[in-house]
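What follows is a set of notes on a single structure, which appears directly below.
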Amino acid sequence: MLALMGGNILFFIPVRFLKPDRYKKKIGRTAGTHVYFLSFVWLQKKELQILARMGEKRLFLLSFILIFHSMTRILLLSDTHSHIDEAILKHVDWADEVWHAGDIGDLNVTDTLKKHKPLRAVYGNIDGNEARVEFPLHNRFVCEQVSVWITHIGGYPGKYNPAVRDEMATNPPKLFICGHSHILKVQFDKKNNLLHMNPGAAGKSGFHQVRTLLRFVIEGDKIKDLEIVEMKK
């Protein structure tokens, strides 16, 4: 039997299919029935939390409940200009997906990122033909229940780039991401009812004094737990 409740999916499965037994911890007895508790967390592309209660009376195992909760950790960066280092990669390891908002530079950057985690990216104005073949100018997609639009030169609320202005007015995303300015900015656009993000520059080329990244979580239709990462230039 399967029950769907909001963002949680509850599966009712006979306990005899649950292995291995080392996950089961006996915590008590009730009226001759053994009670077990199972709990573990799997932190990969999705966070999987399993809570299980099992009853056993003589040789009969009853049932357990598996609860699946959908959540995606995002590392957002831009303007690497051919630079990638351990300071960036340690945050890549935290994420479920990495998003790059353009001006990649040498594709060793994106090749390295892809070895660690799934990557979504766009090309920027300094990127050559190789990057423009591999990545789009605009990348629109849905993550969890959040519509996302990434492009390199997009402007910001009240001053969007003409290339995106018309579509922004008629078909806005919930999350709009761009780079190019090397200035970190997160701003809510009341007119278009969207969140705008620019993660600043993660590379060493440019006028910025501090390299920056953004980390956040998308859970269902919510964008939450936003963090700014600062790194020495």
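Quick one: with all protein chains in place, what share of the accessible area of segment 160-215 is carbon or sulfur, to the nearest percent (1.4 Å probe)?
Working: 1400 of 2720 Å².
Reported share for carbon and sulfur atoms: 51 percent.
How big is the gap, in Å, between the Cα center of segment 105-123 and the Cα center of segment 165-233?
18
So what are the ³J(HN,Hα) numbers for segment 86-93, from phi and the Karplus equation (6.51, -1.76, 1.60; θ = phi - 60°), rounded to whole Hz, Gly and Pro as x?
Here the 3J(HN,Hα) series is 5, 4, 6, 5, 5, 7, 4, 5 Hz.
Residues of segment 159-190 with amide nitrogen under 19 Å from the 7 Å Cα-to-Cβ point of Leu226?
Residues passing the 19 Å test: 159-161, 172-190.
Mind running the shape call on segment 91-233? Use the C-alpha gyration tensor, a ≥ b ≥ c as the square roots of the eigenvalues: rounded below 1.5 for a/c, prolate if a/b tops b/c, oblate otherwise.
On the way: a/c = 1.35, a/b = 1.23, b/c = 1.10.
Judged from the Cα gyration tensor, segment 91-233 comes out rounded (a/c under 1.5).
Decide, for segment 181-220, between rounded, prolate and oblate: order the square roots of the alpha carbon gyration tensor eigenvalues as a ≥ b ≥ c, take rounded if a/c falls under 1.5, and otherwise choose prolate if a/b is larger than b/c, else oblate.
oblate
If you count only protein heavy atoms and use a 1.4 Å probe, how large is the accessible surface of Thr212, to the nearest 10 Å²?
Spelled out: Thr212, probe radius 1.4 Å, area about 10 Å².
Subtracting the Cα-Cα distance from 0.36 nm times the residue separation, let me have the gained length for His138 to Asp93 in nm, one decimal. Spell out each step's value before the answer.
Numbers: separation 45, 0.36 × 45 = 16.20 nm, distance 2.55 nm.
Between His138 and Asp93, full extension yields 13.7 nm more.
The values are calculated or read from the model by the stated rules, or taken from the named source; none is laboratory data. These figures come from a predicted structure and were not determined experimentally. For neighbour counting, all protein chains shown are included, and Cβ atoms are generated from backbone atoms with ideal geometry for every residue, glycine included. Each accessible area value is taken on the protein alone, full model and side chains, heavy atoms only, with ligands, DNA and RNA left out. Shrake-Rupley method; radii C 1.70, N 1.55, O 1.52, S 1.80 Å.
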